[in-house]
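Below: the structure, in structure tokens.
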There are 2 protein chains.
Amino acid sequence: MQYVKKFNELTDRFCELERVAKVALICPDDEASLHVISRCVTERLADFILIDSAPCPESIKALDTAYPGHIQWRIAPTPDEAARLGVDIIRTGQADVLMKGIINTDNLMRAILNKEHGLLPPGNILTHITVCEIPSYHKLLAFSDATVIPYPTLEQYDAMVRYNVELAHTLGIESPKVALIHFTEKVNPKFQNTIDYVELKHRAAAGKYGNAVVDGPIDVKTAVDLHSSQVKGIITPVAGDADILIFPDLEAGNTFYKTVSFFGNAVMAGIVIGASAPIVLPSRADSAESKFYSLALACLALRHYTTT
Amino acid sequence: MQYVKKFNELTDRFCELERVAKVALICPDDEASLHVISRCVTERLADFILIDSAPCPESIKALDTAYPGHIQWRIAPTPDEAARLGVDIIRTGQADVLMKGIINTDNLMRAILNKEHGLLPPGNILTHITVCEIPSYHKLLAFSDATVIPYPTLEQYDAMVRYNVELAHTLGIESPKVALIHFTEKVNPKFQNTIDYVELKHRAAAGKYGNAVVDGPIDVKTAVDLHSSQVKGIITPVAGDADILIFPDLEAGNTFYKTVSFFGNAVMAGIVIGASAPIVLPSRADSAESKFYSLALACLALRHYTTT
């Protein structure tokens, strides 16, 4: 089977999914969310439970009339209550995917991370995966973490690798190439991440992540540019052909996100993995296109939730 | 006076300098270095003391015959000795700028940082400044630190801001806009850099950096993209128009360097500031063009060494 190289192929795979996912969307009253809802309902890609502290907008009412049975509207007294209700809807199995509209990320995260009523089983690690389509790169590129984990521990790096490899497998990438990013290629005890990377490579070699090639420390350019790696004499199948970048910290991951998005004209999609359901957590400034791809990723990632 | 917006304008300013700098170049026998030497000598932009453990190549001999008196060739027993000799040449005032050819960066840095015979006066802070020309940005963009300081302290951030502002003034930027980078715009005691940023803003307001606007924490995209800052409702003169980015750590600075260089098609130039002379420390993979711009920056930066 061909693997997904572009977002339009991701859309194709989304359309081919046998089961229509149900999405709990918190505070959906922004143009991009409304576009995603409308597209998913009219193309039968997902059904929605929409939760807001405001009354249902006319456009949703009209959509519900045209396609009855695919949208529920639930009112909560406040956005915080909407977040709690959304989380509860996931906990009780009424929906498969949690998605953020225009509610503040912090407020939604508080409901998700609530110890008693949240979505994080004890011991689970939450991380953010971004997938981007960059015009100057020959395939999709996934990376962690631009949003959630500030300074990963070994076990957090391990989860980041594991989740990214699983998502890549879902996209049909048989043996994803994982680059463990650092500012040089040297292992140096002064930089704990380079020591952790050595352990991750051992785990990869022992088969912990399934079919995948894990290498590093390696810098961003060496990971994506074959010419640079050749000039530096670095020989690894990951060089110039990475599918996945694991960043040493959130400052670096976020810098990469913002830089490829603006200077590399990349289209970005992102999901949070590790909770009891995939979570779509877009930024306010994200385009409707980007929110749609993010939801598509989350629905594809559901495979790992239903089979485990 | 118009400020420098593109590297060709930087070249113009380099050509207009009244004094021809003398450059100590360590292990110059690579194509890009030879190109830089040839261009600088034929255009009377700089004179050179070339130090190597190998005999003088024919191309340099021919250049010396055509333009006598502008090149000296010094032999050292090993590259390490070449580095020590180069540093000594700077210490004794025989040259103004130190430049790296194909010697390993670590070996040269060891000679520079040597406590007794090196180039770092006690209390001085060494940092790397990159200046890049990105086709999709409306002016040159300078940033620190992609190479030298792993996790800056407050005083190291302070030096980074100071050196970058001085360099921007040299390029004719009257009131450079400095963005203190973080993954969000929130000050948060969990992230020491955001606390340090508040102090840097106080120092800027008190006039410590001269004519400059310093703001942050701010993320990379908000610093360079006016649209993003407007969507997020962030109002600061720095948003969308930064001249200088100060990165929270080396992982983020290096990620930015590699990402704009590859995905943003940027041309990069870089110098190390804080030693008793400007230092040009290019990567082996850098183009001749990039090495030339780096040397031009170093020669322009000399202003701050001769006047202080």
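The values are calculated or read from the model by the stated rules, or taken from the named source; none is laboratory data. Here the structure is a predicted model, which means the values were calculated and not measured. Cβ placement follows ideal geometry from the backbone for every residue including glycine, while neighbour counts extend to all protein chains displayed.
Things to note:
- For region A:155-183, the tally of residues that are of a type in the set (D, E, K, R), surrounded by fewer than 19 Cβ atoms within 10 Å (Cβ to Cβ) and under 15 Å from A:A242 (Cα atoms) stands at 1.
- Scanning region A:112-128 turns up no residue that is among the β-branched types (V, I, T), in contact with a Ser or Thr (Cβ under 8 Å, 6 or more places away or on another chain), surrounded by 22 or more Cβ atoms within 10 Å (Cβ to Cβ) and within 14 Å of another protein chain (Cβ to nearest Cβ).
- Residue in region A:276-299 that is part of a loop (DSSP other than H, G, I, E, B), modelled with pLDDT of 95 or more and either within 13 Å of chain B (Cβ to nearest Cβ) or under 26 Å from B:D286 (Cα atoms) (or both) present: no
- Matching option when the condition is surrounded by fewer than 17 Cβ atoms within 10 Å (Cβ to Cβ), in contact (Cβ under 8 Å) with a residue 12 or more places away in the chain and either in a loop (DSSP other than H, G, I, E, B) or within 14 Å of another protein chain (Cβ to nearest Cβ) (or both), among B:K186, B:K190: B:K186
- Whichever residue in region B:129-148 is part of a loop (DSSP other than H, G, I, E, B) and away from chain A (no Cβ under 11 Å) and, among such residues, is nearest to B:L98 (Cα to Cα): B:L140
- The number of residues in region A:213-267 that are surrounded by fewer than 23 Cβ atoms within 10 Å (Cβ to Cβ), among the polar types (S, T, N, Q) and more than 8 Å from every other protein chain (Cβ to nearest Cβ) comes to 2.
- Exactly one residue among A:I51, A:I26 is farther than 30 Å from A:A266 by Cα and surrounded by 13 or more Cβ atoms within 10 Å (Cβ to Cβ), and that residue is A:I51.
- Enumeration of residues in region B:78-116 that are more than 23 Å from B:Y293 (Cα to Cα), without any contact (Cβ under 8 Å) to a residue 12 or more places away in the chain and of a type in the set (D, E, K, R): B:K115, B:E116
- Residue within region A:155-178 that is without any contact (Cβ under 8 Å) to a residue 60 or more places away in the chain, outside any loop (DSSP other than H, G, I, E, B) and in contact with a helix residue (DSSP H, G or I) (Cβ under 7 Å, 6 or more places away or on another chain) present: yes
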